[in-house]
Amino acid sequence: MPTAEDVTSRLGQLLVEEGLLSRKHLDDLLGSVPEAVLSRKRPGEIFLEKGLVGEEDLTRLLGTLYNLPVMRLDKVHIRPAILRLIPEALARRHRMIPLFLVESELTLAVTQPLDQKTLDQITRQTACTIAPVLIRRSDADMAFGLYYAEAGAEGDESREKLMAELDIAERQKPQDGRIEIKVGSKELDLRVSTLPTVFGEKVVLRLLNRQSVQVDLDVLGFSSGSLETIKRLSREPYGLILVTGPTGSGKSTTLYAALNFIKSPELNIVTVEDPVEYQLPGINQVPVNRKKDVTFATALRSILRQDPDIILVGEIRDPETGNIACEAALTGHLVLSTLHTNDAPSALTRLLEMGIEPFLVAPSLLMIVGQRLVRTICPACAEEVRPSRESLAGLGLADVPPDITFHRGRGCDACGRRGYKGRTGIHEVLVMDETLREMIAARATANAIRKYA
């Protein structure tokens, strides 16, 4: 089999032939790196290190050089029975992952061509004919992390619990904690949640970027009219503002952005949260602690004795919290909170269903913001498309004018071939008026409120 130096040289020739590298640049590079160094590197690794070729192109060129097919693993699911055909230690040593078994032929994903001795060893081990395919190294890393993680999972779990200051010996009840880390110049928080299951303890980490809470209302995707309304009502001296939406729809981000907009040294702003996700300078934040009898309701009662100007309640979960929040909004405080409902009109009926009286809900509410997060098209590969009228009708857009332009993402390296990059919010803002207050007093349905709004 050719040496690593030979393969690197031949890859360099292909780079020159494809116009990705000049002949002089190639000669200068190979001449400046000792053979002893090249022999210790994987074929073509020097080109990756110097930024002369991307991983995608390097894998493709290796496939051309060795006449091997190239695959992506992002949409491949590997069955556990297939993985067990090759011992994990052997798979890790040679960076290979068994993919499919058709009759007696095993498709084997590799990051570089295997020598004959290794192929013979795998053939004996599996009693199969081996059909190698090339994959990117990042795909191999992903596969090893996804499919071979169990061996080190228990150690990782204990390490995460230790970093989150949880009880590592307690595996029979759920626990919550947080880890603070710094990556480069970014300060990140990891929310840690553990849950006992029949197969062992399940750990979920939620990544929170502290810098994201310094957002401005202007960059959250509100329309100009909605933005003006939110800013105007956020300056009101008293009343209740609700943000609704499912879990993970950005409700906390919207509330924090509102606080950033209205906060000043003269204002006494107090929050009660479960838990405190982000630490905000200049704001008094109270974490819920049920062991110490600090709930949303008990904390709210104490906060009202602290002469607050603005109160943020992480979530209205029960009638007691809802009643106190409405009473606070009626007695000279601006109260911001969240509800888990599908849209803004449903929030009104949800409050009534919780047992909060209409005579508290109707006069206290200022507005309700309903929101969702949606993916945004990658700007690097966006292209215009003209969907058929049938497609538009299926989406409920049959009345869209024919001159409206639609876009989609083709998929590129910038977005990982997905066609999407980033997210933005879509919102509805329901502002209270006398008619809505009368509908609340009459306990109107969500559909009736939605139809009016």
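The values are calculated or read from the model by the stated rules, or taken from the named source; none is laboratory data. Quick caveat: nothing in here was measured; it's all calculated off a predicted structure. Backbone-built Cβ (ideal geometry, glycine too); neighbour counts: all protein chains shown.
Exactly one residue out of GLY332, GLY314 is loosely packed, with under 15 Cβ neighbours inside 10 Å and of a type in the set (Gly, Ala, Ser), and it is GLY332. Pairs linking a residue in region 228-240 that is crowded, with 17+ Cβ neighbours inside 10 Å to a residue that is hydroxyl-bearing (Ser, Thr, Tyr), with Cβ atoms under 7 Å and 6 or more positions apart or on different chains, are GLY239/SER364; LEU240/SER364. When restricted to residues that are in contact with a helix residue (DSSP H, G or I) (Cβ under 9 Å, 6 or more places away or on another chain) and either farther than 24 Å from GLU45 by Cα or of a type in the set (Gly, Ala, Ser) (or both), region 108-134 contains 7. Comparison of ASP309, ASP318, ASP293 shows that the only residue that is of a type in the set (D, E, K, R) and touching a helix residue (DSSP H, G or I) at 6+ places or on another chain (Cβ under 9 Å) is ASP318.
Close contacts from region 81-92, counting a first residue that is without any contact (Cβ under 8 Å) to a residue 40 or more places away in the chain and buried (at least 16 other Cβ atoms within 10 Å of the Cβ) and a second that is among the charged types (D, E, K, R) and part of a helix (DSSP H, G or I), with Cβ to Cβ under 6 Å and a gap of 6+ residues or different chains, come to none at all. Across region 125-141, the qualifying residues are those that are exposed (fewer than 15 other Cβ atoms within 10 Å of the Cβ) and of a type in the set (A, V, I, L, M, F, W, C), and the one among them that is modelled with the highest pLDDT is ALA131. Identify, please: which residue in region 289-305 is among the β-branched types (Val, Ile, Thr) and either in a helix (DSSP H, G or I) or at pLDDT below 90 (or both) and is, among those, surrounded by the fewest Cβ atoms within 10 Å (Cβ to Cβ)? The selected residue is THR298. Criterion applied to VAL294, VAL276, VAL288, VAL243 was being of a type outside the set (Gly, Ala, Ser) and in contact with a Phe, Trp or Tyr (Cβ under 9 Å, 6 or more places away or on another chain), and the one residue passing it is VAL288. Restricting region 414-435 to residues that are of a type outside the set (Val, Ile, Thr), out of contact with any helix residue (DSSP H, G or I) (no Cβ under 7 Å at 6 or more places or on another chain) and not in a loop (DSSP other than H, G, I, E, B), the residue that is nearest to CYS378 (Cα to Cα) is TYR420.
When we screen LEU48, LEU68, LEU73 for residues that are under 19 Å from ASP413 (Cα atoms) and either assigned to a loop (DSSP other than H, G, I, E, B) or at pLDDT 80 or above (or both), the only hit is LEU73.
Candidates are the residues of region 1-25 that are at pLDDT below 75, of a type in the set (A, V, I, L, M, F, W, C) and assigned to a helix (DSSP H, G or I); the one that is nearest to GLY54 (Cα to Cα) is VAL7. Per the conditions (1) crowded, with 17+ Cβ neighbours inside 10 Å; (2) modelled with pLDDT under 90, the sole criterion not satisfied by GLN279 is (1).
Within region 261-276, the residues that satisfy the criterion of being surrounded by fewer than 17 Cβ atoms within 10 Å (Cβ to Cβ), modelled with pLDDT of 90 or more and over 16 Å from ARG305 (Cα atoms) are PHE261, LYS263, SER264, PRO265, GLU266.
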